[in-house]
1. Kindly provide log₁₀ I(q)/I(0) values, in the same order as q = 0.16, 0.28 Å⁻¹, from the Debye equation applied to equal alpha-carbon scatterers of region B:7-49.
2. State which entries of B:Lys185/B:Lys236; A:Lys7/A:Lys58; A:Lys144/B:Lys185 exceed 21 angstrom in Cα-Cα distance in the structure shown.
3. Using Cα pairs under 8 angstrom and six or more residues apart, how large is the relative contact order of region A:1-93, in percent?
4. If each residue of separation counts as 0.36 nm, what is the full-extension length gain between B:Ala89 and B:Ala177 once their alpha-carbon separation is subtracted?
5. So what are region A:86-161's ellipsoid semi-axes, whole angstrom, largest first, if each one is the square root of 5 times an eigenvalue of the alpha-carbon gyration tensor?
6. Give a residue-ordered list of calculated ³J(HN,Hα) values for region B:157-169 (Karplus: 6.51 cos²θ - 1.76 cosθ + 1.60, θ = phi - 60°; whole Hz; x for Gly, Pro).
7. Quote the relative contact order of chain A in percent (integer), defining contacts as alpha-carbon pairs under 8 Å separated by 6+ residues.
8. Using the per-residue mean of other Cβ atoms lying within 10 Å as a proxy for protection, in what order, highest first, do the peptides B:74-84, B:145-155, B:205-215 fall?
Amino acid sequence: MARISLKVNGTQHVHEVEPRMLLVHYLREVLSLTGTHVGCDTSQCGACTVLLDGKAVKACSVLAVQADGSEVKTVEGLAQDGRLHPLQEGFWEEHGLQCGFCTPGMLMAAYGLLQSNPHPDEHAIRAGLEGNLCRCTGYHNIVKAVQHATKTMAEGTSKTAAPARTVGAA
Amino acid sequence: MYPAPFEYHRAASAQDAVALLGKYGDEAKLLAGGQSLLPLMKLRFAQPRHLIDVRRIQGLSGIREEKGMLVVGAATPYATLAASALVQAKLPMLSEAAAQIGDPQVRNMGTLGGSLAHADPAGDLPAVALALAAEIAALGPRGARTVHADDFFVELMTTALAPDELLTEVRFPLPPAGSGGAYEKYPNPASRYALVGVAAQLTVAGGKVTAARVATTGLATKPLRALAVEAALQGKAADAASLAAAAEKATDGLKLRAAAQMPDAYRRSLAVTFTARALTRAAKRAGG
């Protein structure tokens, strides 16, 4: 067993884990943060994408022990004070999902993209989401959702003007 | 828990990593970004008893210019190479190749040293290292040494590194004025590995090619210099006709590795096309 100490969505955690435990299993099974999904399990689909020290990574291809001393952000860390993150709002407004399985990974990959490029054009959005597969939408509405978010973030209209929404409310 | 059980060691320094390698011998594997090793371990194709994590070793990451060389730490991620203004300005072939590896998430973890040491026959950066005549630095119990890229790739996923050596940094000689390089790739649509990848570096003076290094990946069991292309370019005009004629020799003498995706004749044809594209852009960057 190995002792790991890491910050997840702002909360410090210390656990003894098997070195072979994948980060995605640590998040889902130890911390019960099941928003991060296991899709293909072969580092193709991106459903397990989280941010590790500010960079989007596939949590099925990272060991929990590699994250010792790191900061991790998962989809559960996007909404603040019951308000959706502008990216989540974009997926809502632009119908950026159907079944929703890929959505947490899409959101975190898009979040990672916006960290390095806050104003991506359509091509940059598509390139930034190249590591994420969606079998429902054909991607068009996902791109529109990210564009919606970049617009509201640039205008500052998301958190101030958008109606307060509780995550999970219909 | 898909990987077989192992013990995890986070190396504090390059020397520490070498000491751990010496201690655990054949039972140990070095772990950097893990984007090749961890998928192999999940499938249990690899079952090391000890993993030695070198990703966070101070001084093993970073990019600097030094004595006519661009020196890149082995644990530098692809994303850093792709985004580096210094790399883009000095060796655009390296940054554009790094930007085409896998996908953004893979590029945030995978490292230059990992790619070269893993020596996947369809990896992108091994071809770039060959075309740029990189010097690959290693540290082992017998001290530090440097291996030229020409001598580094031995066979399928086999390099000149000894089992107890750590790849520490890669030194790319900065080409003289009038030089240009380019990397062109036809990726596997699913894996993004190169079905064909071509790295070309040219120096042009007075409209003629005075130096050329061209390397391919994805075709054979290891990355290879396209020596027939290089010979055909030497001393010739850097014009479209000469470059196209040289590109025709892209697979001369090359034994194709078996690949189920497409017929051999098509792969050879792709190699010619992508060599021509790489040469054309390299010549343009050289100002030829």
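1. Each listed q maps to, in turn, -0.43, -1.06.
2. On the way: B:Lys185/B:Lys236 25 Å; A:Lys7/A:Lys58 17 Å; A:Lys144/B:Lys185 29 Å.
Checking Cα-Cα distances, B:Lys185/B:Lys236; A:Lys144/B:Lys185 exceed 21 Å.
3. On the way: 159 pairs, mean separation 29.4, N = 93.
Computed over region A:1-93, the figure is 32 percent.
4. Details: separation 88, 0.36 × 88 = 31.68 nm, distance 1.27 nm.
My answer for the length gained is 30.4 nm.
5. Details: eigenvalues 67, 40, 19 Å².
After scaling each eigenvalue by five and taking roots: 18, 14, 10 Å.
6. 6, 10, 10, 6, 5, 6, x, 9, 10, 10, 6, 9, 7
7. On the way: 306 pairs, mean separation 39.9, N = 170.
Value for chain A: 23 percent.
8. On the way: B:74-84: 23.0, B:145-155: 16.3, B:205-215: 20.2.
Averaged packing, sorted descending, gives the order B:74-84, B:205-215, B:145-155.
The values are calculated or read from the model by the stated rules, or taken from the named source; none is laboratory data. Model, not experiment: these values are computed from the prediction. Here Cβ is always computed from backbone atoms with ideal geometry, including for glycine, and neighbour counts include all displayed protein chains. These area figures cover heavy atoms from the full protein model, side chains too; ligands, DNA and RNA do not enter into them. Shrake-Rupley method; radii C 1.70, N 1.55, O 1.52, S 1.80 Å.
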